[in-house]
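Reviewing the structure listed below.
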Amino acid sequence: NPPKKGKHFLHLDDFSKEELMDILEKAKLCKAKFYTRDESFKPFAGQTMAMIFTKPSARTRVSFETGFSRLGGHALYLDPNTIQLGKREPTKDIARVLAGYNDVIMARLFAHADILELAQYSSVPVINGLTDYNHPCQILADAMTLLERKGRIEGTKVVYVGDGNNIVHSWMRLAMRLSFEFVCVCPPGYEPCPSTVEGARAAGANISVTSDINAVKGADVIYTDVWASMGQKESIDTRKIDFASYQVNEQLMALAGPQALFMHCLPAERGLETTDGVMEAPYSVVFQEAENRMHAQNGILLHCLEATKRV
Ligand code: CP
Ligand code: NVA
């Protein structure tokens, strides 16, 4: 069900290319206002955002909370023990309770079905701050970073090396709307969700999945993420063996070529999926990505809350 006013932000391909570009334009505006310390820019004045977390977070929690408050709004951090979504009371009840008090709900959850249920029962926009399935806010911030660094998203080649996880699903769903090449390089058995791959290809996305590390050659971006996501940490010992030849290190970056930027959503485990040398190299844009989370999310909120008419 759509909210009474505005839109949910659950998957990148829920938006047209024009809408995604509008969000990126708004993100750029928010960043410019931030850098010039424009104190008159308060589009969220008088609005509140409930933020439900069932998992840990540094970037998502801080960037949403500070971003919304800098633009005049008030954000509530609801930690994993407060609401206990689905345990203390059903998700569909919480959706209606929080929608009764707030202008928007942001949630970081385990099961993707839970955020879909939250959205189904919420009369205000629901923003996906990561599920086991996807992480659209992150990939929009990464697209903003790519645009800033390379001047374009379309026509680029983005190669992800590592686990075929939530980050990969969001890149694939972005490739359904913007024309760039996306390659997922992963060890056998760690491929992304097959129906997402097939669905993205059917929608015209230029994507491939391979176990061949040579696919990094000529990439504009080499991207990696932790080998064990939140909820999978007990499998790290097996994963360390399975992913051993998929580390994004200096040799892999050299194979990609001098044009390649390094991206990571963070938090990173130096010595596992990447190295300290790559993280700290001039081609690493990991902290620009992290910073852009705040601006990208303010762009998303402006778009989804239809708040621009208040600017
Ligand atoms: N990249 C990201 O979402 O970071 P957090 O888990 O710290 O929010
Ligand atoms: N794939 C990681 C991303 C963290 C931002 C996880 O889900 O834990």
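For the chain, with all protein chains present and a 1.4 Å probe, just round the carbon and sulfur fraction of the accessible area to a whole percent.
52
Take the Cα gyration tensor of the chain, multiply each eigenvalue by 5, square-root it, and list the three semi-axes largest first, rounded to whole angstrom.
Over the Cα atoms of the chain, the semi-axes work out to 31, 22, 18 Å.
State whether the stretch 110-211 is rounded, prolate or oblate according to the following rule on the C-alpha gyration tensor (a ≥ b ≥ c being the square roots of its eigenvalues): a/c under 1.5 gives rounded; otherwise a/b larger than b/c gives prolate, and the remaining case gives oblate.
In terms of gyration-tensor shape, oblate.
Could you give each residue of the stretch 166-173 its phi-based ³J(HN,Hα) in whole Hz, using Karplus coefficients 6.51, -1.76, 1.60 with θ = phi - 60°, and x for Gly or Pro?
Once rounded to whole Hz, the list reads 4, 5, 5, 4, 6, 4, 5, 6.
What value, in deg cm²/dmol to 500, does the helix sum -39500 (n - 2.57) over DSSP H runs of n ≥ 4 give at 222 nm once divided by the residues of the chain?
It comes out at -12000 deg cm²/dmol, rounded to the nearest 500.
Report relative contact order for the stretch 1-105 in percent, whole number only (criteria: Cα-Cα under 8 Å, sequence separation at least 6).
Relative CO of the stretch 1-105 lands at 27 percent.
State in Å² the accessible area per residue of the chain; use a 1.4 Å probe, count heavy atoms of protein chains only, and round to the nearest integer.
Solvent-accessible surface per residue comes out at 40 Å².
Taking 0.36 nm per residue of sequence separation and subtracting the Cα-Cα distance, how much length would be gained by fully extending the chain between ASP38 and THR238, in nm to one decimal?
Stretched fully, the ASP38-THR238 segment lengthens by 67.0 nm.
Please sort 130-142, 237-249 by packing, taking for each peptide the average over its residues of neighbouring beta carbons within 10 angstrom, highest first.
130-142, 237-249
Once the dipole of the stretch 37-131 is set up with Lys and Arg at +1 and Asp and Glu at -1 on Cβ about the Cα centre, which of GLN84, LEU116, LEU98 lies farthest towards its positive end?
It is GLN84.
Take every Cα-Cα distance within the stretch 192-236, group them into 10 Å bins from 0 onward, and report for each bin the whole-number percent of pairs it holds.
Spelled out per bin, shortest first, that is 20, 36, 39, 5.
Within the set of other residues whose C-beta is less than 11 Å from the C-beta of GLN259, count the net charge using Lys and Arg as +1 and Asp and Glu as -1.
+3
Take the alpha carbon atoms of the stretch 3-107, find their radius of gyration, then divide it by 2.2 N^0.38 Å using N residues; give the quotient.
Ratio of Rg to 2.2 N^0.38 Å for the stretch 3-107: 1.18.
Only Cα pairs under 8 Å and at least 6 apart count here; give the relative contact order of the chain as a rounded whole percent.
22
Out of residues 5 or more away from SER208 or on other chains, whose amide H comes under 5 Å of its own, with H placed 1.01 Å from N in the peptide plane?
Those lying under 5 Å, H to H, from SER208 are PHE182, VAL183, CYS184.
In whole Å, what is the distance between the alpha-carbon centres of the stretch 264-283 and the stretch 8-24?
Here the two parts' Cα centres lie 29 Å apart.
Over 25 Å between Cα atoms, which of LYS33/LYS150; LYS4/LYS87; LYS31/LYS150; LYS157/LYS240 qualify?
LYS4/LYS87; LYS157/LYS240
Take every Cα pair under 8 Å in the stretch 147-237 that's 6+ residues apart, average their separations, divide by the length, and report that relative contact order as a whole percent.
The value is 36 percent.
What does the convex hull of the Cα atoms come to per residue for the stretch 176-257, in Å³?
That works out to 108 Å³ per residue.
So what is the orientation-averaged projected area of the stretch 237-287, using the convex hull of its C-alpha atoms, in nm²?
Computing the convex hull of the Cα atoms and averaging its projections yields 3.6 nm².
The values are calculated or read from the model by the stated rules, or taken from the named source; none is laboratory data. This is a predicted model, so every value here is computed, not measured. Note that each Cβ is placed from the backbone with ideal geometry, even for glycine, and that neighbours are counted across all protein chains shown. With ligands, DNA and RNA removed, areas are computed over all heavy atoms of the protein, side chains included. Shrake-Rupley method; radii C 1.70, N 1.55, O 1.52, S 1.80 Å.
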